[in-house]
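S.K.: Here it is: the structure, laid out below.
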Amino acid sequence: MELFFAIVVLACLCSFVLPDGQGDALFALRNSLNDSSDQLADWNQNQVSPCTWSKITCDDKGNVIMVSLSSMGFSGTLTPRIGVLKNVNTLSLQGNGITGKIPKEIGNLTSLTMLDLENNRLSGEIPASLGNLKKLQSLFLSRNNLTGTIPQSLSGLPNLMNLQLGSNGLTGQVPEQLFQVPKYNFTGNRLNCGLNLSHHCESDSGGSPSKPKTGLIVGIAGGFLGILLLGGSVLLFWRRRHQGYRREIYVDVVGEVDRRIPFGQLRRFSWRELQLATDNFSEKNVLGQGGFGKVYKGVLNDGTKVAVKRLTDYESPGGDAAFQREVEMISVAVHRNLLRLIGFCTTPTERLLVYPYMQNLSVAYRLRELQESTRLENSRLKDRNSTEEFE
């Protein structure tokens, strides 16, 4: 009786100190994958549980449920001992250089929902035992060197949603039921599907690069149309902004002053200041108009009356340079018969000159008035001379 109890106690102690079957299987997988770079150095065979190892996920009961070893540069093979991991639901080994055959023992992983062995160098046939994976939803075996036919057993996977077998050396008949999988790809093989057969080698949602999709075409067309509309809107805005002054549209551009044009001691007016002085450049304040633009009567904040000359052609070739020359010449010219320039206003879209307001009207008006007076005086003198001769 004592011997029996001793054996029981010894067995219990061993269960606590020796690694479980999951750890042994994973360590065997590490060795078979040829982890020469020690990327899995923390996979310690002497540990009781592998749940602390990198790339391993366990549930709250200590069962390994996920193994993620994607794109780690492994060049070895898959050990059959992987079939011990019966609680694993995700096995991901894509993007390595794994060779050899797919072990039929993977069919023992009845909890698997996703098996991804894509983009390796696996050869041989697809094991029929994969038909035992009744919970499997995604099977990725594309871009390997697999040969032979597709096992009929895969047709019995009730939850299969994504089947990717493209770019292998598979031949023969594709099981009819597999064409009912929502997303599949058999392209790049020598299988009985294609343009001349009743089924396509790829589902409509498979994303074939050789077959343009309606959604992609609509998206590209919509994007191109959006770019055209945006470009047209920007061009229209630019043209309206640069031609706005010709339509007598005025906007408040407070602080928008072109500081590139300095004119010594002349006063620099703000646009807002002149806008208020002329009552927003009202037509009732127009004093005159010519090829240069219009002249408006204005009253500044201090009560000073001014005449604001608003240029309209400074944007023509050489117009801006001509504006600067005119201001420079007028600002240095001093004569009792010349108007003194008070100041100016420049913005990216406006050029304005500010003069004193003269109540005696324009020079042209005075010249016409003088000519009329001279004509009347000459007429009176002629009439008087004619009267004297008659007498």
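S.K.: Quick one: ranking Ile220, Ile150 by accessible area, 1.4 Å probe, largest first, what do you get?
M.R.: Final ranking, largest accessible area leading: Ile220, Ile150.
S.K.: Accessible area per residue, 1.4 Å probe, Å², for segment 96-137: what's the number?
M.R.: 40 Å²
S.K.: Bin all alpha-carbon pair distances of segment 60-199 at 5 Å intervals from 0 and give each bin's fraction as a whole percent.
M.R.: Bins of 5 Å from zero give 2, 10, 20, 25, 22, 12, 6, 2, 1, 0, 0 percent of pairs.
S.K.: Excluding Asn162 itself, calculate the net charge of residues whose Cβ lies under 13 Å from the Cβ of Asn162, where each Lys or Arg counts +1 and each Asp or Glu counts -1.
M.R.: -2
S.K.: To the nearest 20 debye, what charge dipole does segment 57-180 have about its Cα centre, counting +1 at the Cβ of each Lys and Arg and -1 at the Cβ of each Asp and Glu?
M.R.: So the magnitude is around 200 debye.
S.K.: Further question on the same structure: With the full set of protein chains in place, find how many percent of the accessible area of segment 52-166 is carbon and sulfur; take the probe as 1.4 Å.
M.R.: C and S fraction of accessible area: 47 percent.
The values are calculated or read from the model by the stated rules, or taken from the named source; none is laboratory data. Because the structure is predicted, anything quoted here is derived from the model rather than measured. Heads up, the Cβs are rebuilt from the backbone with ideal geometry, glycines too, and the neighbour counts pull from every protein chain shown. SASA here: full protein model, heavy atoms, side chains in, ligands and nucleic acids out. Shrake-Rupley method; radii C 1.70, N 1.55, O 1.52, S 1.80 Å.
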